[in-house]
1. If I filter the range 116-157 down to residues being touching a Ser or Thr at 6+ places or on another chain (Cβ under 8 Å) and either without any contact (Cβ under 8 Å) to a residue 12 or more places away in the chain or of a type outside the set (A, V, I, L, M) (or both), which single residue comes out as farthest from residue 205 (Cα to Cα)?
2. So, of the residues in the range 230-240 that are part of a loop (DSSP other than H, G, I, E, B) and either among the small types (Gly, Ala, Ser) or touching a Ser or Thr at 6+ places or on another chain (Cβ under 7 Å) (or both), which turns out to be modelled with the highest pLDDT?
3. Condition (residue is part of a helix (DSSP H, G or I), under 17 Å from residue 215 (Cα atoms) and open to solvent by 60 Å² or more (accessible area, probe 1.4 Å)) applied to the range 99-122: is it met by at least one residue?
4. Just to be sure before I move on: is residue 236 out of contact with any Cys (no Cβ under 8 Å at 6 or more places or on another chain), under 26 Å from residue 38 (Cβ atoms) and surrounded by fewer than 20 Cβ atoms within 10 Å (Cβ to Cβ) in the structure I sent?
5. Identify the residue in the range 1-42 that is farther than 19 Å from residue 243 by Cα and of a type in the set (Val, Ile, Thr) and, among all such residues, is farthest from the chain's Cα centre (by Cα).
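The values are calculated or read from the model by the stated rules, or taken from the named source; none is laboratory data. Since the structure is predicted, the reported quantities are computational estimates derived from the model, not experimental observations. So basically every Cβ, Gly included, is an ideal-geometry build from the backbone, and we count neighbours across all protein chains shown. Side chains included, ligands, DNA and RNA excluded: accessible areas come from the protein's heavy atoms. Shrake-Rupley method; radii C 1.70, N 1.55, O 1.52, S 1.80 Å.
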Amino acid sequence: MEDAVVRVGRALRLVLLVVLALLFLVPFYLLVRNGLSSERDVTAPEWAFFPSELRWANVQELFDDPSVPFARSLLNSALIAVATTAGTLLLASLAGYGLARVPYRHANKVFYAVLGTLVVPAAVTFVPSFVLVSSLGWISTYRGLIVPTLFPAFACFVFRQYFLGFPTELEDAAQVDGLGYWRTYWLIVVPNARPVFAAVGTIVFIGAWNSFLWPLVIGQDRDAWTVQVALSSFTTSQVVRVHELFVAAAVSILPLLAVFLCFQRWLVAGVERSGID
């Protein structure tokens with residue numbers, strides 16, 4: 001009797017997981033289905049699971065569209081996301097390690113000040129940040145798109161929490177060998193902190209890739225558009241190019257899927273080891 005109950009429970013869990021997986025895949029199916037359809041199939045009153053014709057030429061049409069430099073936008077987003085991720089990992093990890101390990105009587109005050117920035121709405125700092133970037137002449141430049149986003153307080157918090165639980169025996173052994181804080185960080189801490197680096201890097205990369213408002217305001221020239229700004233250009237007050245919008249959205253999420261699939265196990269492990277409840 002108990003074995004039968006266990007088998008039924010497992011079967012129900014399996015069915016639930018299959019249903020949830022299918023629901024999760026519905027948006028991706030819609031992206032691919034509508035992206036490879038004609039405008040008529042997308043807007044047809046009767047719904048068809050598959051379009052009457054799979055138009056692979058829609059992908060070529062997307063990249064040949066003279067009004068939207070989509071290839072350039074993909075390149076911009078990739079460069080900005082990679083640079084933002086690398087800069088954030090460097091600065092936030094150094095700050096987190098310093099706050100966790102370097103003796104300084106005001107370390108907690110500095111940490112609480114950094115945490116305090118998390119409760120400040122982004123709308124409050126948006127205009128001052130834009131004025132500063134504009135005064136520096138960074139409009140429509142990579143510097144204006146990258147530099148103001150390099151130090152998120154959340155990343156500093158995650159690194160500090162992780163380094164607080166880092167084994168001190170390894171650092172003590174490094175100090176016995178004559179290493180200072182800087183060399184200990186690079187030679188001992190960083191190689192043994194790959195999970196948290198991968199977790200924070202994944203989160204920052206996805207956030208930088210999906211960022212819309214700041215690139216929209218700073219990237220005023222078409223050559224400085226990111227992929228999210230390019231996506232918004234397919235929807236105007238005059239026309240909505242539905243099939244191009246869907247195929248562009250499908251192409252734009254491929255890098256995110258690749259990054260997430262490569263680092264998903266590090267993402268979970270890094271969050272668990274950071275001490276976040």
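1. Among those residues, the one meeting the criterion is 148.
2. 233
3. Yes, that holds for at least one residue.
4. yes
5. So, considering only residues that are farther than 19 Å from residue 243 by Cα and of a type in the set (Val, Ile, Thr), the one farthest from the chain's Cα centre (by Cα) is 5.
So that you can scan it fast, the table gives a plain yes or no per residue for (1) under 14 Å from residue 250 (Cβ atoms); (2) without any contact (Cβ under 8 Å) to a residue 12 or more places away in the chain; (3) touching a Gly at 6+ places or on another chain (Cβ under 6 Å); (4) surrounded by 10 or more Cβ atoms within 10 Å (Cβ to Cβ):
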position: 14; (1), (2), (3), (4): no, yes, no, yes
position: 17; (1), (2), (3), (4): no, yes, no, yes
position: 24; (1), (2), (3), (4): no, yes, no, no
position: 27; (1), (2), (3), (4): yes, yes, no, yes
position: 34; (1), (2), (3), (4): yes, no, no, yes
